[in-house]
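Inspection log for the structure reproduced underneath, given as structure tokens.
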Amino acid sequence: MATIAVKDLEKVFPGAESATIKNANLNIKDKEFIVLVGPSGCGKSTLLRMIAGLEEISDGELQINGERMNELSPKDRDIAMVFQNYALYPHMTVFDNMAFGLKLRKTPKDEIKQKVEHAAKVLGITHLLDRRPKDMSGGQRQRVAIGRSIVRNPKVFLFDEPLSNLDAKLRVQMRAEIKKLHRQLDATIVYVTHDQIEAMTMGDRIVVLKDGIVQQFDTPMNLFNNPQNKFVAGFIGSPSMNFLPGKVIQKEEATFKSKSLEFAIPKDLRPGLKPYIGKEVFFGFRPEYIYDKQFEKSKRLSENMEIVVDSVEPIGSETFVYFHFIGNPEHSFCFRSDSQFSYGIGSEICIGVDIERLRFFDKETEKRIM
């Protein structure tokens, strides 16, 4: 299908104090499923629209299959875009909506019929071809919008938050269907979402954006296990990573000390933290890697950390336990527990964090130390 190269790309809107997209660099491989994710206003949709040609490029270069795209209009880029609001013609049938772009290109009628019927079969909407959009559910309309893109057989598919108007159950179903469609089409897909769960479950690689800057471009598990900075660590994962401010001090051995917690830094981590002795850092620890020491005996855990349970959220197979460290009720944290264990509000327990999963971040730059 297509490779996409984004080189030092910038977007500055007239009158804006700063660039919306700043020095973005991405190399997207042929047939990859790439997800752009980040909070509202981070620039992910703007970047997608620049690839589509719907926003002018202020600086830098965009290439598709090695060909410069900066000056080409959207119709000449051989891309197809699926919008959040479906953008279907209400007075047309499903068949006519899907065929509309081909008709504009003066494609022969027999070829149009063949392509529309094939796309409808792939998407499971053959029985809807004679209906109009008002007679269909949100999920069916989204399939029609995707089908309209498929019939054009473009080099690149662009999706701009296509599932945001669907209910939770249907979103999960459509996620699986879009991934299946990607395998069937062997297509290059760039997909925008604000939902990090959606990003983690769908993307081959994920672009995490904040304030128009690419924070990290990596595989889902590398983002989760090896975030490059505090923002990525806190954005990826649900519940998000816990952060505790403190200082690295030197006692008999290197030690992390905060208002409510003090523990010796594991031997494996001391060389990396040696330059930070006397400096403030963030201690990061994910809910998944916190264990109740009463029940977990097989893992290498940090020194004892005494906590008080604030609230409990059972969600079936697991339970989210919210807590604070003894002596510091100001900061609340979370850990995941097996649903077989029950915790009472106000109960005091002793936890430990998997030593291999301890993370530390520079207090000033917020970059990961280790």
Could we say that Gly237 is buried (at least 18 other Cβ atoms within 10 Å of the Cβ) and on the phi > 0 side of the Ramachandran plot here? yes
Output yes when any residue across region 220-241 is touching a Cys at 6+ places or on another chain (Cβ under 7 Å) and within 27 Å of Ser18 (Cβ to Cβ), and no when none is. no
Take the residues in region 283-330 that are small (Gly, Ala, Ser) and either within 27 Å of Ala254 (Cβ to Cβ) or over 25 Å from the mean Cα position of the chain (by Cα) (or both); name whichever of them is most open to solvent (accessible area, probe 1.4 Å). Ser298
Would you confirm whether any residue within region 126-147 is charged (D, E, K, R) and in contact with a strand residue (DSSP E or B) (Cβ under 9 Å, 6 or more places away or on another chain)? no
Confirm whether Ser337 is farther than 16 Å from Ser240 by Cα and open to solvent by less than 40 Å² (accessible area, probe 1.4 Å). no
Mind checking which residues of region 160-186 are in a loop (DSSP other than H, G, I, E, B), surrounded by fewer than 19 Cβ atoms within 10 Å (Cβ to Cβ) and free of Cβ contacts under 8 Å to residues at least 60 places away in the same chain? Leu166, Asp167
Region 202-212 - residue that is touching an Asp or Glu at 6+ places or on another chain (Cβ under 7 Å) and in a strand (DSSP E or B) and, of those, least open to solvent (accessible area, probe 1.4 Å): Ile206
Please name all residue pairs, on different chains or six or more residues apart, with Cβ atoms under 8 Å, provided the first residue is in region 102-131 and is farther than 20 Å from Gln184 by Cβ and touching a residue at least 12 places away in the same chain (Cβ under 8 Å) and the second residue is open to solvent by 80 Å² or more (accessible area, probe 1.4 Å) and not aliphatic (A, V, I, L, M). Ile112/Lys103
Of the criteria (1) free of Cβ contacts under 8 Å to residues at least 24 places away in the same chain; (2) crowded, with 18+ Cβ neighbours inside 10 Å, which one Gly15 fails: (2)
Among the residues listed as Gln114, Gln140, the single one being more than 28 Å from the chain's Cα centre (by Cα) and open to solvent by 30 Å² or more (accessible area, probe 1.4 Å): Gln114
Within region 93-111, of all residues that are surrounded by 15 or more Cβ atoms within 10 Å (Cβ to Cβ) and among the aliphatic types (A, V, I, L, M), the one nearest to the chain's Cα centre (by Cα) is Met98
Criterion first (over 30 Å from the mean Cα position of the chain (by Cα), open to solvent by 60 Å² or more (accessible area, probe 1.4 Å) and more than 14 Å from Asp338 (Cβ to Cβ)) does Glu280 satisfy it? no
Would you confirm whether any residue within region 283-304 is in contact with a Ser or Thr (Cβ under 8 Å, 6 or more places away or on another chain), at negative phi and among the β-branched types (Val, Ile, Thr)? no
Condition met for Glu262 (open to solvent by less than 60 Å² (accessible area, probe 1.4 Å) and among the charged types (D, E, K, R)): no
Only one of Gly60, Gly38 is open to solvent by less than 10 Å² (accessible area, probe 1.4 Å), of a type in the set (Gly, Ala, Ser) and touching a residue at least 24 places away in the same chain (Cβ under 8 Å); which? Gly38
Filtered residues of region 245-259 (kept if surrounded by 19 or more Cβ atoms within 10 Å (Cβ to Cβ) and either aliphatic (A, V, I, L, M) or in contact with a helix residue (DSSP H, G or I) (Cβ under 9 Å, 6 or more places away or on another chain) (or both)): Val248, Ala254, Phe256
Does Arg152 count as part of a loop (DSSP other than H, G, I, E, B) and in contact with a Leu (Cβ under 9 Å, 6 or more places away or on another chain)? yes
Restricting to region 124-141, what's the tally of residues that are of a type in the set (Lys, Arg) and farther than 12 Å from Leu88 by Cβ? 0
Every residue in region 253-287 that is under 22 Å from Pro239 (Cβ atoms) and among the aliphatic types (A, V, I, L, M), please. Leu261, Val281
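The values are calculated or read from the model by the stated rules, or taken from the named source; none is laboratory data. This one's a predicted model, so the numbers in the text were calculated from it and none came from an experiment. Positions of Cβ are generated from backbone atoms using ideal geometry, with glycine treated the same way; all protein chains shown enter the neighbour counts. All accessible areas refer to the heavy atoms of the entire protein, side chains included, with ligands and DNA or RNA removed. Shrake-Rupley method; radii C 1.70, N 1.55, O 1.52, S 1.80 Å.
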